[in-house]
1. In the list T190, T214, T272, which residue meets the criterion of being more than 18 Å from W149 (Cβ to Cβ), modelled with pLDDT of 95 or more, over 15 Å from the mean Cα position of the chain (by Cα) and not small (G, A, S)?
2. Considering segment 130-143 alone, what residues qualify as being touching a helix residue (DSSP H, G or I) at 6+ places or on another chain (Cβ under 8 Å) and hydrophobic (A, V, I, L, M, F, W, C)?
3. Just wondering, is there one or more residues in segment 96-110 that are at pLDDT 95 or above, aliphatic (A, V, I, L, M), open to solvent by 30 Å² or more (accessible area, probe 1.4 Å) and closer than 25 Å to A235 by Cα?
4. Could you check how many residues of segment 163-175 are surrounded by 15 or more Cβ atoms within 10 Å (Cβ to Cβ) and modelled with pLDDT of 95 or more?
5. Enumerate the pairs (first residue in segment 41-70 and at positive phi; second residue anywhere and assigned to a loop (DSSP other than H, G, I, E, B) and open to solvent by 40 Å² or more (accessible area, probe 1.4 Å)) with beta-carbon separation below 7 Å, excluding pairs fewer than 6 apart on the same chain, so at least 6 apart or on different chains.
6. Residues L164, L168: which one is in contact with a His (Cβ under 8 Å, 6 or more places away or on another chain), farther than 25 Å from N54 by Cα, assigned by the TED database to the domain that holds A277 and not polar (S, T, N, Q)?
7. Kindly provide the set of residues from segment 181-193 that are open to solvent by 10 Å² or more (accessible area, probe 1.4 Å) and among the aliphatic types (A, V, I, L, M), ordered by number.
8. In segment 16-26, which residue that is in contact (Cβ under 8 Å) with a residue 60 or more places away in the chain and part of a loop (DSSP other than H, G, I, E, B) is nearest to T115 (Cα to Cα)?
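The values are calculated or read from the model by the stated rules, or taken from the named source; none is laboratory data. Owing to the predicted nature of the structure, the values given are computational and were not obtained by experimental measurement. Note: ideal-geometry Cβ built from the backbone for every residue, glycine included; neighbour counts use all protein chains shown. For the accessible areas, the whole protein counts, side chains as well, though only heavy atoms, and no ligand, DNA or RNA atoms are used. Shrake-Rupley method; radii C 1.70, N 1.55, O 1.52, S 1.80 Å.
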Amino acid sequence: MTSSLPEQDSKFDTADNTMPEDWIVPEWPAPANVRAVFTTRAGGVSQGPQATFNLGYKADDDPEAVRTNRALLATRTGVPSAWVAQVHGPRVVDAQAAFDAVNAGEPLQADASATNAIGLASTIMVADCLPVLLCDVQGHAVAAAHAGWRGLCAGVIEQTVQALRARLPKSSANDDAQVIAWLGPCIGPTAFEVGPEVREAFLDAAIPQERDATSAAFVPHGDPDVGKSLADLCALARLRLAREGVTNVSGGTWCTVGDSARFYSYRRDRTTGRMAALVWRVS
């Protein structure tokens with residue numbers, strides 16, 4: 001593997017290698033050689049609406065502050081991140097390919113990555129969309145998916161599970177029960193108001209045995225003539241994980257909109273930062 005920690009020359013101090021207590025370390029039954037973390041607003045150098053640990057270059061932040069925050073992330077986790085240019089679709093790429101593309105100045109357009117490499121984090125950014133982290137119970141491979149409603153409906157979770165399984169030893173790649181998932185903070189079911197086209201898109205994409213549960217994930221909200229609903233992203237994600245035989249699912253208990261002190265939220269603030277969800281293997 002060719003990954004390495006990024007250069008840390010900056011007008012900002014990058015010496016802090018302490019992971020903020022505010023960050024979330026997933027509680028899930030991952031094997032001992034799998035590490036994961038979800039960043040929050042805490043622990044960075046950004047100012048203004050993006051304060052303080054914004055990791056996104058498209059968040060109207062000082063680019064040097066973003067570079068510093070990304071360097072701090074690598075220092076605190078001990079591994080580099082494989083960033084992708086997220087486009088709300090279902091494409092999954094190899095984490096090493098994503099890492100190499102960023103270093104070449106041409107980030108790959110994708111919304112998920114998977115890897116069986118050691119010491120490289122599959123990484124995605126969110127600010128209301130659902131982060132999904134995955135690994136197999138033996139710790140052979142890991143993956144991370146950015147599941148906004150468009151990507152979720154288009155199959156990003158299914159594609160990511162399949163990409164992870166493709167990186168498992170052949171002796172275990174077909175064992176449906178061995179993949180586990182963690183759902184991170186996202187816009188919650190009491191805050192995510194959507195139009196009727198979103199509900200219809202999910203119902204159209206549902207397999208027959210999912211239709212009732214898919215419909216139940218949308219609670220009518222407001223004027224019935226308008227047809228809006230409150231959508232439950234985590235419930236919809238669990239259905240898509242179950243399609244791939246993934247039923248050991250943890251997390252999914254945080255609402256980004258409802259906790260402005262801890263989480264960025266695009267729906268709440270519009271001008272805001274981006275958090276990251278990372279998962280990686282250690283030797």
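1. T272
2. Of everything in segment 130-143, those that are touching a helix residue (DSSP H, G or I) at 6+ places or on another chain (Cβ under 8 Å) and hydrophobic (A, V, I, L, M, F, W, C) turn out to be L130, V132, L134, C135, V137, A141, V142, A143.
3. The answer is no; no qualifying residue exists.
4. Final tally of qualifying residues: 5.
5. These pairs meet every condition: G43/T52; D60/T271.
6. Working: L164 fails: in contact with a His (Cβ under 8 Å, 6 or more places away or on another chain).
Matching residue, one of L164, L168: L168.
7. Taking segment 181-193 first, the residues open to solvent by 10 Å² or more (accessible area, probe 1.4 Å) are 189-193.
A191 - this is the single residue of segment 181-193 that is open to solvent by 10 Å² or more (accessible area, probe 1.4 Å) and among the aliphatic types (A, V, I, L, M).
8. Filtering segment 16-26 for residues that are in contact (Cβ under 8 Å) with a residue 60 or more places away in the chain and part of a loop (DSSP other than H, G, I, E, B), the one nearest to T115 (Cα to Cα) comes out as P26.
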